[in-house]
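The values are calculated or read from the model by the stated rules, or taken from the named source; none is laboratory data. On a predicted model such as this, the values are computed, not experimentally measured, just so you know. Cβ atoms come from the backbone with ideal geometry, glycine included; neighbour counts cover every protein chain shown. Remember, those area values only see protein heavy atoms, side chains included, never the ligands or the DNA or RNA. Shrake-Rupley method; radii C 1.70, N 1.55, O 1.52, S 1.80 Å.
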Amino acid sequence: MAKVTVDGIEVEVPNGVSVLQACEAAGKEIPRFCYHERLSVAGNCRMCLVEVEKAPKPIASCAYPVADGMKVFTDSEMVRRARRGVMEFLLINHPLDCPICDQGGECDLQDQAMAYGLDKSRYLEEKRAVKDKYMGPLVKTIMTRCIQCTRCVRFATEVAGVPELGATNRGENMEIGTYVEKALTTELSGNLIDICPVGALTSRPYAFVSRPWELRKTDSIDVLDATGTNIRIDTRAGEVLRILPRTNDDVNEEWMADRGRFSFDGLKRRRLDRPWIKVDGRLRPASWSEALGAVAARLKGLPGERIGAVAGGLADAEAIVALKDLMGALGSRNLECRSDGAAIDASRRDFYTFNTGIAGIEEADALLIIGANPRLEAPVMNARIRKRVVAGGFPVGFIGPRGLDLTYAQDWLGEGGRTLRILAEGGHRFNEVLRAAKRPMLILGRGALTRPDGAAILAAAWKIAAENNMLQADWHGFNLLHQFGGQVAALDLGFVPPADGAAVSPATEALWLLGAEVDPAAIPAGAFVIYQGHHGEAVAARADVILPGAAYTEKDATWVNTEGRVQHGRLAVYPPGEAREDWKIIRAASELLGKRLPYDSLDAVRARLAEANPVFAGRGFAAHGCTDMTGPTGDVGALTEAGFAPAATNYWQAEPISRASDTMAECARVYGAAQVQLAAE
Amino acid sequence: MVDISTAHEVAQPASFEFDAESNAAIETILKRYPPGRQASAVIPLLYVVQRQMKRQTDSAWVPLKGMDAVAARLGMAPIRVYEVASFYFMFNTKPIGRFHLQVCGTTPCWLRGSDEVFHACKDAAHVAGYGQTSEDGMFTLSEVECLGGCVNAPILQVDDDYYEDMDYERTVQLIEALRRGERPAPGSTIGRQTSAPEGGPQTLLDVPGE
């Protein structure tokens with residue numbers, strides 16, 4: 001530890017930290033542009049100058065390590081003059097176009113020019129102009145505004161793992177760009193917009209839409225992948241205008257994936273905003289009482305075993321528990337939440353969660369990826385894996401399609417079943433790597449379990465975990481990577497059929513779909529289908545009654561991410577038209593069915609959730625080990641030799657919301673060719 | 001002058017592959033760096049590309065595919081090579097003429113008459129100005145920063161050779177010789193011995209023991 005005095009305040013900081021961090025520890029604000037906590041130090045903007053006793057010149061505090069007994073001054077005359085000078089230089093070539101700049105109001109340069117700059121410009125010469133660059137359909141560039149802090153270059157290289165941005169040419173002519181015209185091939189490109197301290201990189205869909213002070217900000221959770229990214233939803237007049245990540249070091253740090261960030265325009269399109277009833281084979285608009293009346297009329301008197309219910313990947317815990325209770329009251333146990341066919345064993349929580357935890361990845365020292373493509377299934381978690389790989393001493397074995405670019409080096413072990421069997425038997429060279437590791441982990445992709453031999457794959461993966469030192473009293477290295485934010489909650493609530501049952505069977509006469517995508521061909525011809533959801537897709541056309549539900553931005557809901565972390569999302573805008581929060585729809589239907597559910601407030605539903613599974617009583621994620629080695633049901637011997645198909649074939653359009661989004665359609669068009677190529681390589 | 005044209009504004013060859021001579025040179029170069037530090041060889045390898053282009057097309061420049069080939073050989077991201085190649089003006093990122101006339105315009109050369117050399121280049125090589133190539137494709141004229149030959153200023157660098165103590169007349173003669181296909185010996189054009197004073201040594205004339 002080093003004792004440092006900052007403006008007379010004495011603080012003790014670890015050796016090796018920068019002067020800037022010491023100043024922050026003392027509660028002093030240091031202006032900066034190029035410095036970013038999660039990126040390497042560049043030290044090129046010179047805004048963070050401070051005075052250090054006995055140093056002849058001001059020093060760049062972000063790049064200067066502390067020394068014991070150092071006396072730092074952050075507000076001396078020398079510092080003020082130095083910062084004013086730096087600011088004047090930065091503004092020499094910066095256009096004064098704040099009134100038409102999308103960064104206006106949340107611009108570091110604007111704010112710091114107010115606080116540390118001169119009140120007028122002395123620069124009368126010509127300013128330089130820089131050609132705008134094309135960086136894909138999400139990031140808009142106005143490169144004349146660039147102050148060359150190189151944050152974007154460092155983000156792309158270090159965090160996203162796509163070294164495609166750079167500073168070309170030099171001096172007056174230096175430009176940030178890709179040099180060759182191309183869209184950045186990363187699923188994290190939206191973060192460039194966040195880290196850019198000026199208006200050089202801004203959001204293309206958000207261009208000229210709003211000013212930050214006009215927005216209402218609601219903290220919520222992203223559910224479009226299973227990471228459980230903490231987000232802030234910015235709305236104005238009942239419309240979502242943008243979504244930004246919130247910092248949560250245990251989950252997403254401060255990053256966010258592009259699909260979650262940019263697909264919200266899908267929330268306005270192709271919405272089910274009023275109930276529909278099928279009359280004479282055609283759907284017609286109806287009122288709530290008509291729709292719920294039709295449901296009650298059909299379900300009343302139907303034996304429970306003829307009724308089924310399926311929950312989709314974006315369903316919230318409140319709706320799931322309400323539907324489960326309603327089905328229970330109707331005498332049905334035919335529940336299903338694995339409409340993708342994944343052979344998940346829901347009998348024990350650690351069989352289906354990401355037990356290591358996202359932050360736990362950084363403590364691991366070996367990784368085996370089985371049939372998952374974390375880059376496309378959970379880009380933010382992939383950035384965390386990459387962070388661990390870059391730190392060194394982290395061998396990554398990969399079973400799946402050959403030649404995938406995961407943004408870090410991986411040891412390709414094989415295509416699929418055959419390699420998995422050898423690993424499970426312990427005879428693979430990678431077994432040695434895993435056994436030598438102290439904290440090995442594996443990631444099993446949910447997509448890999450959708451094959452006919454899914455149960456065998458699950459059992460084999462568990463066997464590998466159990467026999468390769470991954471299951472320890474204080475370490476759980478078995479991880480299942482889900483794809484959407486509602487999948488774990490449904491498993492936690494036991495939304496699965498009994499051993500001898502199935503939600504959709506030839507005997508099904510009535511089927512309740514909670515935002516679930518079920519192949520219409522699998523539904524028996526005469527069955528009565530209730531579709532409750534926010535987007536009408538193929539299966540909605542098959543429905544006899546459509547009950548319009550709320551999307552994740554439109555309800556107070558509980559979500560469980562792939563780790564099993566319980567988080568609460570909040571209502572940012574009201575559902576459109578006559579759509580309602582999902583648990584309330586089910587609660588209203590129960591009344592008409594004569595099976596009134598015993599809760600009519602959010603608190604009461606949440607109390608019921610906690611009763612159904614104690615994990616819902618708390619929030620967050622508790623690190624845990626594994627002492628019970630008994631594996632999930634499944635016969636390793638049934639493993640077939642087939643290779644794993646790429647699970648996420650179209651990252652940009654993986655669920656109903658992004659499929660309704662124009663922004664995502666544009667991304668799919670631009671990046672589609674590249675992704676097909678990735679898959680084929 | 002620095003050429004800030006970006007890659008896509010120049011007609012690029014469809015492919016680039018190192019030839020046998022380049023490969024031999026690369027092998028020698030890579031041995032100079034410890035294992036795992038091969039990326040340090042990026043500058044020498046870009047020169048290898050530029051020389052190979054000179055051999056193959058008679059124009060010493062580094063095309064995009066050549067940068068990609070360097071990146072692939074050194075295991076670097078292509079953008080890291082683009083950054084280096086565009087930073088140093090010694091690498092031509094667009095095609096140039098057969099002879100690259102590089103006039104030093106830094107203070108000592110300027111004081112000793114580099115403006116005359118520049119005008120001579122313009123007149124004799126029929127080049128419009130800095131950064132331009134003559135219509136016959138023979139000469140490209142560039143202004144460069146200090147070449148480190150100030151004692152024999154002004155300097156005109158032709159490709160890799162220094163021609164020193166230039167003036168208008170001698171520059172014109174040099175360019176005409178180049179045009180005829182001759183290659184005058186590089187060095188001082190007034191018969192100066194290396195960078196000794198004009199007319200011969202002035203000091204240490206008495207050799208002890210003589």
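Here is how the numbers come out for the structure above:
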item: Total charge dipole magnitude, chain B, about the Cα centre, Cβ charges on Lys, Arg, Asp, Glu only, Debye to nearest 20; result: 860 debye
item: Extended-chain gain in nm, criterion 0.36 nm per residue less alpha-carbon gap, A:Q472 and A:R284; result: 61.9 nm
item: Per principal axis, descending, Cα span of the stretch A:547-681 in whole Å; result: 55, 48, 31
item: Mean Cβ neighbour count within 10 Å, used as a protection proxy, ranking B:81-87, B:197-203, A:377-383 highest first; result: A:377-383, B:81-87, B:197-203
item: Using a Förster distance of 45 Å, the FRET efficiency for A:Y574-A:M114 (Cβ separation, nearest 0.05); result: 0.75
item: Pair B:E198, B:V10: separation of 7 Å Cα→Cβ label points (nm); result: 3.9 nm
item: Placed amide H near A:E253: partners under 5 Å, 5+ positions off or other chain; result: A:N248
item: Shielding score for A:167-179, defined as the mean number of other chain Cβ atoms within 10 Å; result: 6
item: Inter-label distance, nm, simple model (7 Å from Cα along the C-beta direction), A:K438/A:D519; result: 4.9 nm
item: Whole-number D in µm² s⁻¹ for the stretch A:67-157, Kirkwood Cα-pair radius fed into Stokes-Einstein, 37 °C, 0.692 mPa s; result: 211 µm²/s
item: Accessible solvent surface per residue of chain A, calculated while the other protein chains remain in place, 1.4 angstrom probe, Å²; result: 38 Å²
item: Pair A:A538, A:R80: separation of 7 Å Cα→Cβ label points (nm); result: 6.9 nm
item: Among A:I530, A:I586, A:L571 - extreme Cα towards positive end, dipole of the stretch A:499-624, charges at beta-carbon; result: A:L571
item: Degrees, to the nearest 10: A:317-330 long Cα axis against longest axis of chain A; result: 10 degrees
item: Degrees, to the nearest 10: A:662-680 long Cα axis against longest axis of chain A; result: 90 degrees
item: Calculated [θ] (222 nm, deg cm²/dmol) that DSSP helices of n ≥ 4 give over the protein assembly as shown, each run adding -39,500 (n - 2.57); result: -8500 deg cm²/dmol
item: By average C-beta atoms within 10 angstrom, highest first, the peptides A:656-664, B:165-173, B:152-160; result: A:656-664, B:152-160, B:165-173
item: Share of Cα-Cα pairs in the stretch A:379-430 lying beyond 13 Å, as whole percent; result: 60 percent
item: Ordering of A:620-628, A:348-356, A:603-611 by packing [mean C-beta count within 10 Å, highest first]; result: A:348-356, A:603-611, A:620-628
item: Using distinct alpha-carbon pairs, which all enter the 1/r mean, Kirkwood radius of the protein assembly as shown in Å; result: 31.7 Å
item: Förster radius 60 Å - calculated FRET efficiency between A:E106 and B:L205 (Cβ-Cβ, nearest 0.05); result: 0.20
item: Contact order relative to length of the stretch A:223-328, as percent, for alpha carbon pairs under 8 angstrom and 6 or more apart; result: 15 percent
item: Cα-Cα separations in the stretch A:1-138 greater than 21 Å, expressed as whole percent; result: 49 percent
item: 10 Å Cβ neighbours from other chains, averaged over peptide A:613-623; result: 0
item: Proportion of all alpha-carbon pairs of the stretch A:162-217 beyond 15 Å (%); result: 63 percent
item: Dipole magnitude of the stretch A:291-338, debye to nearest 20 (Cβ charges: Lys/Arg +1, Asp/Glu -1, about Cα centre); result: 220 debye
item: Per-pair calculated FRET efficiency, R0 = 51 Å: B:E182 and A:Y123 via Cβ, rounded to 0.05; result: 0.50
item: Separation between Cα centres of the stretch A:451-497 and the stretch A:51-114, rounded to whole Å; result: 50 Å
item: Tensor-based shape of the stretch A:556-625 (alpha-carbon gyration tensor, a/c under 1.5 rounded, otherwise prolate or oblate); result: oblate
item: Residue (of A:L39, A:G16, A:A55) at the positive-pole extreme of the stretch A:6-57, dipole from beta-carbon charges; result: A:L39
item: Cross-link reach list, aspartates and glutamates versus A:K217, counting only Cα pairs under 15 Å and skipping chain neighbours closer than eight places; result: A:E106, A:D234, A:E239, A:E554, A:D556
item: Within 10 Å of each Cβ in A:156-165, the average number of Cβ atoms from other chains; result: 2
item: Fraction of antiparallel bridges per DSSP, chain A only, in percent to nearest 5; result: 55 percent
item: Phi to ³J(HN,Hα) by Karplus 6.51 cos²θ - 1.76 cosθ + 1.60 over the stretch B:198-209, Hz, x for Gly, Pro; result: 4, x, x, x, 10, 10, 6, 7, 7, 7, x, x
item: Cross-link partners of A:K387 among lysines (Cα-Cα below 23 Å; sequence separation of 8 or more within a chain); result: A:K438
item: Reach of A:K278 by Cα under 14 Å, taken over aspartates and glutamates that are not fewer than 8 positions away in the same chain; result: A:E290, A:D544
item: Per-selection Rg to Rh, the stretch A:299-354 - Cα, Kirkwood hydrodynamic radius; result: 1.01
item: Cβ charges +1 (Lys, Arg) and -1 (Asp, Glu), total dipole of the stretch A:206-271, debye; result: 560 debye
